[in-house]
Amino acid sequence: MTLSKTLKVIIKIFFTSILFPIKYLVKKGNIIVLSGPDSYSYCDNCRHLYEHLSTDKSIRVYWYTDSTAVKKHLKSINHLYISKTNILRLIIILLRTKIMINSGTSYINLFGIIDNPFTYKICTNHGSGPKLEAEIMTSKLLKALKKFDYLNYPSIYTVNKLGKELYKLPKNKIISLGYPRCDGYFDSNLISNSSKDKYILKSILKDDFDIKSKYIFYTPTWRKNNNTFPLLGMQGFNYEKFNKWLDDRNIYFLFTSHLNITMKGVNNSYKRIKMIDRGHHHLLDTNSLMMEIDILLNDYSTTSVDISILNKPQIFFFPNGNIYSEPDNPDKIKSGILFLDYYRNLIPGDEVFNYTDFVEKLGNIIANTNEYLSKHKDSSDKLLERYLYKKPTYAGENFKRFIHDLMR
């Protein structure tokens with residue numbers, strides 16, 4: 001261990017010991033802290049819940065971040081945040097925090113301050129769909145989940161299949177309040193304005209932005225032991241050929257990388273094919289962006305469930321699809337992926353297998369959008385019924401009422 005690492009360990013042990021009795025003695029206030037999947041991202045359920053709760057003046061709501069861009073944005077809208085750049089303020093606020101909310105498997109817990117019986121820990125969850133990492137069954141992850149006082153599952157199916165059956169959570173830990181990130185999907189004015197103005201696409205593409213263009217958004221998800229850009233595994237695909245096809249039709253193809261990986265084989269030099277680098281776009285929120293795009297290309301990501309509410313066309317490309325297609329198969333679980341359902345029976349769009357098939361079906365979607373959506377409506381409805389919902393649940397308000405009940 002290097003000297004700097006040794007010093008960090010010593011400092012952590014020292015402050016954890018000093019603050020251990022204090023975290024039990026300090027009275028908790030009307031303080032709520034939310035955070036993203038990492039300290040630089042501003043997205044997902046927690047972002048939308050944070051913005052909703054911040055309108056309630058009876059509580060003090062903070063976002064935890066180390067991103068300069070996020071801090072600047074929150075200052076501009078007069079919202080509260082905490083950061084390690086002011087460590088003393090961070091410690092004081094965490095000591096007084098009544099409710100800590102995160103969308104993943106962990107929460108900001110500097111020096112173990114939040115691990116006390118007087119601070120409620122809530123997990124909104126960050127996605128709902130058939131695909132899960134096989135590692136969910138490991139004791140490490142199950143232990144992390146059980147540190148939360150409440151875990152949110154958005155449908156009866158996910159409550160039973162995930163919360164009760166798979167995770168074996170006690171009934172009193174399971175809540176079903178909806179996904180705040182999807183509330184806007186039932187707001188027709190917001191959807192219309194987003195589709196018309198495309199503020200996020202403008203901020204990403206800058207001078208290349210064209211309001212008359214069509215926009216395809218690709219959301220490849222995590223795959224064990226394979227971080228290569230998945231389209232490189234599509235037979236017949238190459239960047240130059242695809243860029244020309246897009247350019248001839250005034251289409252842009254944008255994609256993101258999963259937060260936990262650095263994608264290999266990405267070539268960002270083409271005008272029409274662009275990776276949205278989360279390292280430079282800390283304010284990127286996928287759900288908000290999906291209101292602006294025209295077509296979603298997906299593999300196993302839960303974006304396919306969310307965007308089904310918006311009734312936008314989807315198309316699917318499955319690298320190693322035969323490995324990942326079956327649920328509960330021990331041989332398949334070794335691949336690192338577990339499915340709750342036969343995913344290919346649920347996808348609300350056509351599956352493509354090679355480049356020719358891919359561009360032909362994209363062209364067909366653009367030319368016959370309503371016909372394509374009608375073809376896949378039953379699958380879309382079934383996916384929503386199982387993993388999310390088809391009608392508004394007002395998740396932000398549900399969480400606000402739940403939080404006020406906890407604070408009494």
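A few comments on the model shown:
- Pairs with C-alpha atoms separated by more than 23 Å, drawn from the list Lys198/Lys264; Lys264/Lys382; Lys274/Lys312, are Lys198/Lys264; Lys264/Lys382.
- Pair-distance distribution P(r) for the chain, from all Cα-Cα distances in 10 Å bins starting at 0: 4, 21, 31, 26, 14, 4, 0 percent.
- Averaging the sequence gap over all C-alpha pairs within less than 8 Å and six or more residues apart, then dividing by the number of residues, gives region 184-387 a relative contact order of 22 percent.
- Each of Asn86 and Asp381 was given a label point 7 Å from its Cα along the Cα-to-Cβ line. The distance between the two points is 5.2 nm.
- All other residues whose Cβ lies under 9 angstrom from that of Asp247 are scored, Lys and Arg at +1 and Asp and Glu at -1, for a net of +3.
- Cα Rg over Rh - region 339-399, Kirkwood: 1.10
- Helical contribution to [θ] at 222 nm, DSSP H n ≥ 4, -39,500 (n - 2.57), averaged over the chain, rounded to 500: -10500 deg cm²/dmol
- Region 67-113: proportion of alpha-carbon pairs further apart than 11 angstrom, %: 72 percent
- Across all Cα atoms of region 184-387, the radius of gyration (one decimal) and Dmax (whole number) stand at 16.6, 50 Å.
Rule-based calculations on the coordinates, nothing more; no lab input. Owing to the predicted nature of the structure, the values given are computational and were not obtained by experimental measurement. Cβ sites come from the backbone with ideal geometry, for glycine too, and all protein chains shown count toward neighbours.
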